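Just below is one structure, and these are the notes that go with it.
The values are calculated or read from the model by the stated rules, or taken from the named source; none is laboratory data. These numbers come from a predicted model, not from an experiment. Ideal geometry is used to build each Cβ from the backbone, glycine not excepted, and the neighbour counts take in all protein chains shown. These area figures cover heavy atoms from the full protein model, side chains too; ligands, DNA and RNA do not enter into them. Shrake-Rupley method; radii C 1.70, N 1.55, O 1.52, S 1.80 Å.
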Amino acid sequence: KAGVTQTPRYLIKTRGQQVTLSCSPISGHRSVSWYQQTPGQGLQFLFEYFSETQRNKGNFPGRFSGRQFSNSRSEMNVSTLELGDSALYLCASSFDREGSYTFGSGTRLTVV
Amino acid sequence: ILNVEQSPQSLHVQEGDSTNFTCSFPSSNFYALHWYRWETAKSPEALFVMTLNGDEKKKGRISATLNTKEGYSYLYIKGSQPEDSATYLCAFMEGRGSTLGRLYFGRGTQLTVWP
């Protein structure tokens, strides 16, 4: 059974640019969440999508946005990149939001 | 701001030692407490999802207990092995409908097991 797939694995962008990250959940999983990890910080919640609707949003600026498609695949977009956006971005999927989450390998974003 | 605290921050043990870590979380609006293991260069892997006060879960040499009234969970590893070396994360989920699906993670306990 395929796991959660995130693309790309690594990304280098320049300040001011925008970036789109992709996440393909486990087949049948309807909930997709995004987390950010920066050095010295725990996993910080960005947002969660369930059945194509954003159900939860963390305390991040509006530059961070996302969406979920009918096949449950999700994308996360960050506009006007800042140096502080350099982080590991993890996607996780769950069947019903109540059970355990399966994480992808993450996208390592570096902003220079 | 909802705080989830884990202690200790790091732990070094010898192969064969038993060890335990603590996760503290709010005692109100509890829905679930998750434990994950995160090995270097891999993805976080789910260990347990605990939902009931007094719950105990076991998976091989790893077990966990839950006290929702006082807001803590313990993770135990019996007879640690070098392959147990990883960061162990706990995550709290609130019981309000609007916040289901959101996990509040602690910063983790980094375990190193020396052969």
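Computed values, structure above
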item	result
Search result, residues across segment A:38-87 that are touching a strand residue (DSSP E or B) at 6+ places or on another chain (Cβ under 7 Å) and touching a residue at least 60 places away in the same chain (Cβ under 8 Å)	A:78, A:81, A:82, A:83
Residue within segment B:10-20 that is under 23 Å from residue B:93 (Cβ atoms), open to solvent by 40 Å² or more (accessible area, probe 1.4 Å) and within 11 Å of another protein chain (Cβ to nearest Cβ) present	no
Filter result (within 14 Å of chain B (Cβ to nearest Cβ), more than 15 Å from residue A:88 (Cβ to Cβ) and either part of a loop (DSSP other than H, G, I, E, B) or open to solvent by less than 20 Å² (accessible area, probe 1.4 Å) (or both)) within segment A:8-51	A:25, A:26, A:29, A:30, A:31, A:32, A:47, A:48, A:49, A:51
From the options B:47, B:89, B:111, B:75, residue that is of a type in the set (A, V, I, L, M, F, W, C), assigned to a strand (DSSP E or B) and touching a Ser or Thr at 6+ places or on another chain (Cβ under 7 Å)	B:111
Selection status of residue A:89, part of a strand (DSSP E or B) and either at pLDDT below 95 or at the interface with chain B (Cβ under 9 Å from one of its Cβ atoms) (or both)	no
Enumeration of residues in segment A:52-65 that are farther than 14 Å from residue A:37 by Cβ, open to solvent by less than 60 Å² (accessible area, probe 1.4 Å) and either within 13 Å of chain B (Cβ to nearest Cβ) or in contact with a helix residue (DSSP H, G or I) (Cβ under 6 Å, 6 or more places away or on another chain) (or both)	A:56
Odd one out for residue B:54 among (1) open to solvent by 70 Å² or more (accessible area, probe 1.4 Å); (2) assigned to a loop (DSSP other than H, G, I, E, B)	(1)
